[in-house]
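This is the structure I want to talk about, given as structure tokens.
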Amino acid sequence: MSDKRVLVGWLLDAFESQYKDEWQKERFSVLGNTDCGHSHADLDFIFFWKIYDQGYLARQSGKLFGQLCRLAGGGPRMVRSMAQISPEHVEHLKSACETESLPSEVQKAFTHVRGGWRVLGWAVKAAKKLCRLYGVEETSYIAQWLANFICNKRWTGNWEDLVNCINVEVEEATRDLKDDWQELPFVAKGLLEQKLVNPPRVHLTGAGPNVVSFFFRDWKDSTLWRYVWKHDEKNDKFWHLASEILGPSHMGPQGSDERAVLSFLTSRLSRKELESGALAKVNTAVYRLMSDYGREWQEQVRLELRRVQQGQR
């Protein structure tokens, strides 16, 4: 393996050996794709799980929204349950929960929250907006939202039509950039910002471009997942160290910003690897790697990168 490939190879190997199975279990399909953890997924539950897996709520959200979804009797009812929280309690969810002032199923689900009340407040505000937009939705508020603002048409209840429509929008946005993998992540991010994040009438509280990208990166049916690049704080810290330690020997990027990292990666990955989702795999490996090391991340990542530099990995 050439020195210019060694870091990328290490990350892809780490993904395949340590993180692939876990990632596959967290991916989802609405078309019944069996090569993922959630086939025929409840899109409303999945959306709230992925989007509000933030801050102090991180690693709690899947269990929390999963419990609320079961107690309410499905994702749409979960959304309506959160939307029923009175306005005076939205900004003070913790105290409202402590005084048992929330709707019964919400009360039961929120009782075990260990933090992240601000993020939960965003989720409640998003639920209220969805209910204002679509009234009583029995099949999926999120499918209606995606059809409305990505496809510019009404939700018909046909999952295949929704997926095809989203993929057509992705195809149109990326048509002129088929081989420009350095730019494709920015085009994908721009599409999501334009359709789902920036217009005030569309935007759901707490759903910024990075977390919306997180949702699409795990959606097995959507072609968008291959182009998604979530350059968050953990990514920035990792690539900063990689640039600092490996850059002088041409094994790492010259800088930690998104464009420097993508330029480095796309010049060291084959087209076949890129088309099979290598960017998302590297992204996932970095995130998991940093999460595994916890508070000692800097010392441990430095050690790993030194091993990469010395060719011991």
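The values are calculated or read from the model by the stated rules, or taken from the named source; none is laboratory data. From a predicted model like this one, the values you see are computed outputs, not experimental measurements. Note: ideal-geometry Cβ built from the backbone for every residue, glycine included; neighbour counts use all protein chains shown.
Examine the stretch 30-37 for a residue that is under 16 Å from Ile142 (Cβ atoms) and either touching a Pro at 6+ places or on another chain (Cβ under 9 Å) or in a helix (DSSP H, G or I) (or both), and state whether such a residue exists. Break it down stepwise before answering.
Initial filter on the stretch 30-37 (under 16 Å from Ile142 (Cβ atoms)): 30-31.
Applying the additional criterion that residues be either touching a Pro at 6+ places or on another chain (Cβ under 9 Å) or in a helix (DSSP H, G or I) (or both) yields none.
Looking through the stretch 30-37, none of the residues is under 16 Å from Ile142 (Cβ atoms) and either touching a Pro at 6+ places or on another chain (Cβ under 9 Å) or in a helix (DSSP H, G or I) (or both).
A follow-up question, please. So how many residues does the stretch 1-40 have that are in contact with a Ser or Thr (Cβ under 6 Å, 6 or more places away or on another chain) and small (Gly, Ala, Ser)?
3
Something else now. Would you mind finding the one in Ser270, Ser243, Ser222 that is under 24 Å from Trp181 (Cα atoms), hydroxyl-bearing (Ser, Thr, Tyr) and loosely packed, with under 15 Cβ neighbours inside 10 Å?
Ser270
Follow-up question, since we're still on this one. Output the number of the condition that Ile166 fails; it satisfies all remaining conditions of (1) over 19 Å from Gly75 (Cβ atoms); (2) assigned by TED's automatic domain parsing to the domain that holds Glu258.
(1)
Let me spell it out: the conditions are (1) surrounded by 13 or more Cβ atoms within 10 Å (Cβ to Cβ); (2) in contact (Cβ under 8 Å) with a residue 24 or more places away in the chain, and Glu183 meets all of them except one. Which number is the exception?
(2)
I'd like to verify a number: residues in the stretch 105-145 that are closer than 20 Å to Leu196 by Cβ and in a loop (DSSP other than H, G, I, E, B), how many?
Qualifying residue count, the stretch 105-145: 3.
A further question on this structure: Residue check: is Glu233 at pLDDT 90 or above, surrounded by fewer than 20 Cβ atoms within 10 Å (Cβ to Cβ), in the same structural domain as Ser17 (by TED's automatic domain parsing) and acidic (Asp, Glu)? Step through it out loud before you land on a result.
Values: at pLDDT 90 or above: no; surrounded by fewer than 20 Cβ atoms within 10 Å (Cβ to Cβ): yes; in the same structural domain as Ser17 (by TED's automatic domain parsing): yes; acidic (Asp, Glu): yes.
Spelling it out, it is not the case that Glu233 is at pLDDT 90 or above, surrounded by fewer than 20 Cβ atoms within 10 Å (Cβ to Cβ), in the same structural domain as Ser17 (by TED's automatic domain parsing) and acidic (Asp, Glu).
Answer yes or no as to whether Leu102 is surrounded by 20 or more Cβ atoms within 10 Å (Cβ to Cβ) and part of a helix (DSSP H, G or I).
no
I'm checking my understanding of the structure. Among residues of the stretch 229-251 that are small (Gly, Ala, Ser) and over 19 Å from Arg288 (Cβ atoms), which one is nearest to the chain's Cα centre (by Cα)?
Going through the qualifying residues, I end up with Ser243.
Just for the stretch 148-173: of the residues that are part of a loop (DSSP other than H, G, I, E, B) and surrounded by 17 or more Cβ atoms within 10 Å (Cβ to Cβ), which one is nearest to the chain's Cα centre (by Cα)?
Ile150
Hey, can you tell me all the residues within the stretch 191-208 that are assigned to a helix (DSSP H, G or I), of a type outside the set (D, E, K, R) and buried (at least 17 other Cβ atoms within 10 Å of the Cβ)?
Step one: filter the stretch 191-208 for residues assigned to a helix (DSSP H, G or I), giving 191-197.
Retained after the next criterion (residues that are of a type outside the set (D, E, K, R)): 191-192, 194, 196-197.
Passing the criteria: Leu191, Leu192, Leu196, Val197.
For the stretch 70-100: of the residues being among the basic types (Lys, Arg) and without any contact (Cβ under 8 Å) to a residue 40 or more places away in the chain, which is nearest to Leu133 (Cα to Cα)?
Going through the stretch 70-100, the residues among the basic types (Lys, Arg) turn out to be 70, 77, 80, 94.
Filter once more, keeping what is without any contact (Cβ under 8 Å) to a residue 40 or more places away in the chain: 70, 77, 94.
Numbers: Arg70: 24, Arg77: 15, Lys94: 27 Å.
Of everything passing the filter in the stretch 70-100, Arg77 is nearest to Leu133 (Cα to Cα).
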